[in-house]
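Report on one structure; see the data block that follows.
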Amino acid sequence: MTTSDARYLAAVNVTTWLNGWTPSLLPNITQQPVNQTVNANQPASFSVGATGIPDPTYQWYKNGTNLLSGQTNPTLSIPNASGLDIGTYSAVVSNSSGSVTSSVVTLTVIPPTSGPTMITPSVQNNGDVQFTISGVPGSAGFSYRVWASTNIALTPVTTTWTLLTNDVFGTSPTTFIDQTATATGASQRFYVITVP
């Protein structure tokens, strides 16, 4: 008998052995994901293990929302975590018998220790001061503050300088315009960027 023999094919086909009945089993999670804490710009991952008949499929969720970017494997990988990745994660494991949801776990990302940079400051024709703020890799989603003063010797900055903005780093550099610069009437103005 060969592997193309009808008797052999019938013998290895479960449906044939069970007179047309196809076995099914609701997914069962055998390994739950666990909380993760990583430094900014470092990889993070969550894994879930499951059994079921037929083999289950996986869909990961962040903060209860379906992750659409192909996150359908037992392991969810985040190659370079940033503040934008902070949140809760879970996986829904499904097959034709139904679905089960994993434990909800948390990703904590520790902010970068390196500060942001101020790039290309310039005075516009109307007197506004404009510059670009760039965070280090992994800064996206974390907050920063821009302060201004006419006296660089004042300390501490957070109580003696004027707070101009309290914003969040994006995935690309941000252009900041100080429209109050001309209103001060000062011949010089200093800026500091702090990260809380």
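Readers should treat all values here as calculations from the given coordinates under stated rules, not as data from a laboratory. Bear in mind the structure is a predicted one, so any value in this text is a computation, not a measurement. Counting neighbours? That spans all protein chains shown, and the Cβs are built from the backbone with ideal geometry, glycine included.
In debye, nearest 20, what is the charge dipole magnitude of the chain about its Cα centre with +1 on Lys and Arg Cβ and -1 on Asp and Glu Cβ, if you could check?
It works out to roughly 120 debye.
Using only the Cα atoms of the stretch 21-110, build the gyration tensor, take square roots of its eigenvalues as a ≥ b ≥ c, and label the shape rounded, prolate or oblate: rounded if a/c is under 1.5, else prolate if a/b is larger than b/c, else oblate.
Judged from the Cα gyration tensor, the stretch 21-110 comes out prolate (a/c at least 1.5, a/b above b/c).
Counting other beta carbons within 10 Å of each residue's own, what order do THR88, THR30 fall into, fewest first?
THR30, THR88
Normalise the Cα radius of gyration of the stretch 40-196 by 2.2 N^0.38 Å (N = residues in it) and let me know the number.
1.49
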